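Since the structure comes first, as structure tokens, the remarks are kept for the end.
The values are calculated or read from the model by the stated rules, or taken from the named source; none is laboratory data. As the structure is a computational prediction, the values presented were derived from the model and not from experiment. Note that each Cβ is placed from the backbone with ideal geometry, even for glycine, and that neighbours are counted across all protein chains shown. Heads up: the accessible areas ignore ligands, DNA and RNA and are worked out on the full protein's heavy atoms, side chains in. Shrake-Rupley method; radii C 1.70, N 1.55, O 1.52, S 1.80 Å.
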Amino acid sequence: MPQRIRLDRDHIAFLESGVSIVVASCGDGGGPSLGFAHGCRVLPRGDRVRLFIAEPHCPTLIADIRRSGRIAAVFSRPDSNKTMQLKGVAAEIRALAAADSRSLSGHIEDFIANLAIVGTPPDLVRAVFSIEKGALVAVEFAPNAAFSQTPGPMAGDRLSI
Amino acid sequence: MSAPDISLDAIRTCLEGVIPSWVATCSRDGTPNVTLLSQVHYVDPRHVALSYQFFNKTRENVLATARATVQVVDPVTGAVYRLSLQYLRTESEGPLFESMKAKLAGIASHTGMEAVFRLLGSDIYRVLDIERAPSGRLAAPAAPRSLLNAIRHCCAGLGAGAELDGMLDRLLSDLQMHLGIEHSMVLMADETRGCLFTVASRGYDASGVGSEIPIGQGVIGVAARERTPIRIAHMATEYGYSRAVRARINQLGLSGILETEIPWPGLTEPHSQIAVPILAGQRLIGVLFAESPKDMQFGYDDEDALATITSQIGTAVLALQSAAAAADESRAPPPARTQPQGPPVAIRRYAADDSVFIEQDYLIKGVAGAIFWKLVSEYAREQRTEFTNRELRLDPALRLPDVSENLEARLVLLERRLVERCPFVRIEKSGRGRFRLAVKRPLKLVNVGDASD
């Protein structure tokens with residue numbers, strides 16, 4: 001049985017703090033796919049995570065997740081380099097819920113503010129994350145492993161959550 | 001969405017490291033992994049190299065499956081690209097490795113990660129496909145200049161001069177005018193002594209002509225050793241001259257051999273640096289170096305521009321050398337001697353290292369010192385003022401390393417040091433392959449430490 005983890009308040013705060021989110025999956029032939037997520041919401045019990053991804057921007061990634069359920073997502077604060085990776089094996093593609101839209105609206109602005117600290121122009125970030133209306137889907141999964149990826153000697157260590 | 005017609009060359013700006021790149025891999029059982037990359041390095045139109053710094057999950061997966069997908073972002077337009085890659089091999093030494101190592105040192109220092117970032121290898125991948133995401137894109141501003149046009153002007157200038165010193169000055173001035181490079185220098189190789197010596201510079205308070213750098217040290221020394229351009233986009237103390245190179249000279253016990261009296265002219269806090277080897281075939285002629293107090297001043301295109309120009313410099317230097325060697329010596333120019341006036345000046349030479357002092361002030365040492373001593377000795381003995389490059393080349397006392405010795409560069413160095421430090425003795429060109437010693441004050445020669453001379 002895959003391990004189920006429950007994220008605590010600090011982890012949830014970090015994941016929802018305007019971090020950079022990059023998501024990966026695995027294709028049929030073993031080739032990896034990846035793309036940006038536009039935000040994240042941890043469900044109230046702390047055991048399920050919803051990521052918002054623009055399907056037209058990374059159709060391969062969404063197709064791979066839909067087919068395999070495999071997912072890895074890295075959350076990174078550009079101003080501190082603090083980085084965490086979550087993995088799951090049964091991710092599902094869902095429509096956006098009302099609560100998702102609320103967390104989405106704050107994410108990009110927080111992300112822009114975090115990136116401004118390291119000198120990335122807000123217009124550039126908006127260009128990268130500009131999407132057509134209705135492009136986003138929610139990718140929901142129950143993380144079964146968490147790793148620290150903050151650069152340094154502890155990078156890659158499994159977090160005991 | 002797949003757009004196979006996107007060429008890697010067209011998206012090199014994405015590989016400058018302005019916006020972080022990410023790499024995804026999968027284990028054999030299909031578990032994905034994603035991590036930040038320090039460097040995606042352009043190798044050629046079909047290959048990139050990724051920095052291998054730690055043995056981590058990415059590395060494990062790549063060795064198991066040979067597949068990776070990298071996501072890069074254009075720092076100007078915000079366009080997002082994904083590169084499907086197939087792992088080929090890892091290099092842990094050589095030109096590519098050294099280019100990436102230097103670049104990483106800049107990135108590490110820029111991000112406060114000096115202690116963490118160490119390049120273990122350059123992982124080389126074939127680019128299988130490039131996909132572009134349909135994100136909104138900002139308009140790219142007009143390029144500040146046409147690089148092709150700049151190259152054309154700089155190369156044309158190289159053919160305009162008949163002498164090495166004029167050619168190098170013109171080059172550095174052209175680099176400023178056409179490429180906006182404010183701080184630059186040319187160093188010539190002395191492979192026998194394992195160093196490079198500065199013969200021309202522009203944009204510094206002191207010219208630094210005569211200052212030396214060991215081959216293999218710093219941006220310039222590594223570019224010379226590996227015969228490949230080395231560039232750093234951020235301040236990198238590891239590659240700075242002041243600390244690292246000086247320490248290394250002392251550590252290697254080279255302070256008696258290499259020039260340490262003449263201060264290095266470089267910027268105190270350079271943020272961007274590029275060193276491009278000047279080659280003639282496989283032979284190392286020297287290094288063209290440029291730097292800036294601003295970050296990210298030299299990109300892939302600038303590197304290509306300078307590499308194109310330096311390949312022309314190599315050819316031009318060789319042409320000047322052979323022209324000087326084949327110069328017509330039978331046609332002696334009319335002597336233009338001026339009578340020395342004023343109190344005599346003591347010129348002291350130390351035989352141990354051929355160092356020369358004008359009164360108490362250091363002038364030069366090594367081969368250039370030996371040449372100077374020969375000239376002033378013959379002047380004192382025979383009142384001789386006319387000399388040829390050829391006779392210097394053939395003089396065993398000068399211990400010129402071999403036929404490939406760049407004597408013209410030594411003469412430029414000596415001539416410039418005299419202008420800066422000894423204005424009453426000058427070397428003036430008096431024809432192709434010949435020159436004149438112009439002495440304006442009486443000389444008193446003192447030879448220290450060698451009874452045979």
Query raised in the report: Which one is nearest to B:D301 (Cα to Cα), of the residues in segment B:129-139 that are small (G, A, S) and modelled with pLDDT of 85 or more?
Result: B:A139
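This table checks each residue for (1) free of Cβ contacts under 8 Å to residues at least 12 places away in the same chain; (2) buried (at least 19 other Cβ atoms within 10 Å of the Cβ).
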| site | (1), (2) |
| --- | --- |
| B:P134 | no, no |
| B:A143 | yes, no |
| B:C155 | no, no |
| B:R170 | no, no |
| B:M177 | no, no |
| B:E182 | no, no |
| B:M185 | no, yes |
| B:E191 | no, no |
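Take B:T198 and tell me if it is modelled with pLDDT under 95 and among the hydroxyl-bearing types (S, T, Y). Even if it seems obvious, please write down each step before you answer.
On the way: modelled with pLDDT under 95: no; among the hydroxyl-bearing types (S, T, Y): yes.
For B:T198, the condition - modelled with pLDDT under 95 and among the hydroxyl-bearing types (S, T, Y) - is not met.
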Query raised in the report: Is it the case that segment A:40-51 has a residue that's within 11 Å of chain B (Cβ to nearest Cβ) and surrounded by 17 or more Cβ atoms within 10 Å (Cβ to Cβ)?
Result: no
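Please specify each residue of segment B:316-340 satisfying the condition of being modelled with pLDDT of 70 or more and either within 21 Å of B:D165 (Cβ to Cβ) or surrounded by 11 or more Cβ atoms within 10 Å (Cβ to Cβ) (or both).
Matches in segment B:316-340: B:A316, B:V317, B:L318, B:A319, B:L320, B:Q321, B:S322, B:A323, B:A324, B:A325, B:A326, B:P340.
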Query raised in the report: From B:R118, B:R126, which residue is under 27 Å from B:L83 (Cβ atoms), modelled with pLDDT of 95 or more and within 14 Å of another protein chain (Cβ to nearest Cβ)?
Result: B:R126
Query raised in the report: Mind checking whether some residue in segment B:264-273 is touching a helix residue (DSSP H, G or I) at 6+ places or on another chain (Cβ under 9 Å) and modelled with pLDDT of 90 or more?
Result: yes
Report task. Please find, among B:V62, B:V48, B:V43, B:V34, the residue that is farther than 23 Å from A:G30 by Cβ and modelled with pLDDT of 95 or more. Result -> B:V43
Requested in this report: Run down B:R426, B:R410, B:R417, B:R384 and say which single residue is charged (D, E, K, R) and more than 21 Å from B:P344 (Cβ to Cβ).
Outcome: B:R410
Query raised in the report: For segment B:382-400, what are the residues that are outside any helix (DSSP H, G or I) and surrounded by 13 or more Cβ atoms within 10 Å (Cβ to Cβ)?
Result: B:R384, B:T385, B:E386, B:F387, B:T388, B:D395, B:L400
Requested in this report: For A:P32, state whether it is open to solvent by less than 40 Å² (accessible area, probe 1.4 Å), over 15 Å from A:F141 (Cα atoms) and without any contact (Cβ under 8 Å) to a residue 24 or more places away in the chain.
Outcome: yes
Requested in this report: Please go through segment B:345-360 and pick out each residue that is closer than 20 Å to B:R399 by Cβ, open to solvent by 20 Å² or more (accessible area, probe 1.4 Å) and part of a loop (DSSP other than H, G, I, E, B).
Outcome: B:A352, B:D353
Requested in this report: Scan segment B:263-311 for residues that are in a strand (DSSP E or B), among the polar types (S, T, N, Q) and within 11 Å of the chain's Cα centre (by Cα) and jot them down.
Outcome: B:Q273
Requested in this report: Inspect all residues belonging to segment A:99-116 and state whether any of them is out of contact with any Phe, Trp or Tyr (no Cβ under 9 Å at 6 or more places or on another chain), open to solvent by 30 Å² or more (accessible area, probe 1.4 Å) and within 14 Å of chain B (Cβ to nearest Cβ).
Outcome: yes
Query - A:D64 modelled with pLDDT under 95 and on the phi < 0 side of the Ramachandran plot - result: no
Query raised in the report: Which residues, counting only those in segment B:81-103, are assigned to a helix (DSSP H, G or I) and either touching a helix residue (DSSP H, G or I) at 6+ places or on another chain (Cβ under 6 Å) or open to solvent by less than 10 Å² (accessible area, probe 1.4 Å) (or both)?
Result: B:P95, B:E98, B:M100, B:A102
Requested in this report: Report yes if A:R77 is of a type in the set (K, R) and out of contact with any Ser or Thr (no Cβ under 8 Å at 6 or more places or on another chain), otherwise no.
Outcome: no
Query - Every pair of residues 6+ apart whose Cβ atoms lie under 7 Å, when the first sits in segment A:96-107 and is closer than 17 Å to A:I131 by Cα while the second is among the β-branched types (V, I, T) and loosely packed, with under 15 Cβ neighbours inside 10 Å - result: none
Query raised in the report: Hey, any hits in segment B:204-223 for a residue that's over 18 Å from B:T268 (Cα atoms), open to solvent by 20 Å² or more (accessible area, probe 1.4 Å) and not small (G, A, S)?
Result: yes
Query - Search result, residues across segment A:60-77 that are within 7 Å of another protein chain (Cβ to nearest Cβ) and over 16 Å from the mean Cα position of the chain (by Cα) - result: A:S68
Requested in this report: Can you confirm whether segment B:291-298 contains a residue that is over 26 Å from B:I11 (Cβ atoms), at pLDDT 85 or above and not acidic (D, E)?
Outcome: yes
Report summary line: If you go through B:L36, B:L63, the only one that is facing chain A (nearest Cβ under 10 Å), of a type in the set (A, V, I, L, M) and out of contact with any Lys or Arg (no Cβ under 8 Å at 6 or more places or on another chain) is B:L36
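Taking segment A:1-30, which residues are part of a loop (DSSP other than H, G, I, E, B) and away from chain B (no Cβ under 14 Å)?
Answer for segment A:1-30, where residues must be part of a loop (DSSP other than H, G, I, E, B) and away from chain B (no Cβ under 14 Å): A:M1, A:R4, A:I5, A:R6, A:L7, A:D8, A:E16, A:S17, A:G18.
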Report summary line: When every residue in segment A:79-90 that is more than 8 Å from chain B (Cβ to nearest Cβ) and open to solvent by less than 50 Å² (accessible area, probe 1.4 Å) is compared, the one nearest to A:V125 (Cα to Cα) is A:M84
Query - Candidates A:I93, A:I131, filtered to the one that is more than 14 Å from chain B (Cβ to nearest Cβ), farther than 19 Å from B:P20 by Cα and β-branched (V, I, T) - result: A:I93
Query raised in the report: Identify, please: which residue in segment B:17-27 is more than 7 Å from every other protein chain (Cβ to nearest Cβ) and modelled with pLDDT of 95 or more and is, among those, least open to solvent (accessible area, probe 1.4 Å)?
Result: B:V23
